[in-house]
Amino acid sequence: MFRHDVVAGHSYFLSQREQPGTVRLSVPITFVGAKDDKVIADYREAYTEWGRLATAVRLREIEHGGHYFARTRADEVASIVNEVWSEVGGAKVGHTAKELG
């Protein structure tokens, strides 16, 4: 499900760059980047483009994992998702990627 959400978010972002909408999201966006990502090496600047879509955008960084860190650092990504979810008022899910299979 997480990968589906990532793909859906990216597709939405690209569509809004092509034809900007008038409504901005009222929920915060957390952009996660890996410090060793060679595909989006400028992610520290690029993540701010999400500000076109939402009023609150922030950056979370992980040390390693490359561009496909959702696969290579699944437990760390799951932990970030849980932290962010808790910060915005969601209930703690409490599962690691390994537990979910």
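The values are calculated or read from the model by the stated rules, or taken from the named source; none is laboratory data. These numbers come from a predicted model, not from an experiment. No Cβ is skipped: glycine too gets one built from the backbone with ideal geometry, and neighbour counts run over all protein chains shown. Surface areas here come from the heavy atoms of the whole protein model, side chains and all, with no ligands, DNA or RNA. Shrake-Rupley method; radii C 1.70, N 1.55, O 1.52, S 1.80 Å.
With the condition kept exactly as written, say whether any residue in region 39-55 is open to solvent by 60 Å² or more (accessible area, probe 1.4 Å), farther than 18 Å from residue 79 by Cβ and touching a Leu at 6+ places or on another chain (Cβ under 8 Å). Yes, that holds for at least one residue. Taking the criterion of being within 17 Å of residue 80 (Cβ to Cβ) and part of a strand (DSSP E or B), the residues of region 47-68 that qualify are 57, 58, 59, 60, 61, 62.
Within region 71-101, being modelled with pLDDT under 85 and of a type in the set (Gly, Ala, Ser) holds for 89, 90, 91, 94, 97, 101. For region 37-65, the tally of residues that are touching a Phe, Trp or Tyr at 6+ places or on another chain (Cβ under 9 Å), in contact (Cβ under 8 Å) with a residue 12 or more places away in the chain and not aliphatic (A, V, I, L, M) stands at 9.
In region 15-35, which residues are under 15 Å from residue 60 (Cβ atoms) and part of a loop (DSSP other than H, G, I, E, B)? Talk me through it step by step, then tell me what you get.
Restricting attention to region 15-35, the residues satisfying the condition of being under 15 Å from residue 60 (Cβ atoms) are 28-35.
Correct list: 28, 35.
Any residue that is part of a loop (DSSP other than H, G, I, E, B), surrounded by 10 or more Cβ atoms within 10 Å (Cβ to Cβ) and of a type in the set (Val, Ile, Thr) - is there at least one of those in region 7-14? There is no residue in region 7-14 that is part of a loop (DSSP other than H, G, I, E, B), surrounded by 10 or more Cβ atoms within 10 Å (Cβ to Cβ) and of a type in the set (Val, Ile, Thr). For first residues located in region 66-83 and at positive phi and open to solvent by less than 50 Å² (accessible area, probe 1.4 Å), partners that are small (Gly, Ala, Ser) and at pLDDT 90 or above and lie 6+ apart or on another chain with Cβ distances below 8 Å form the pairs 66/34.
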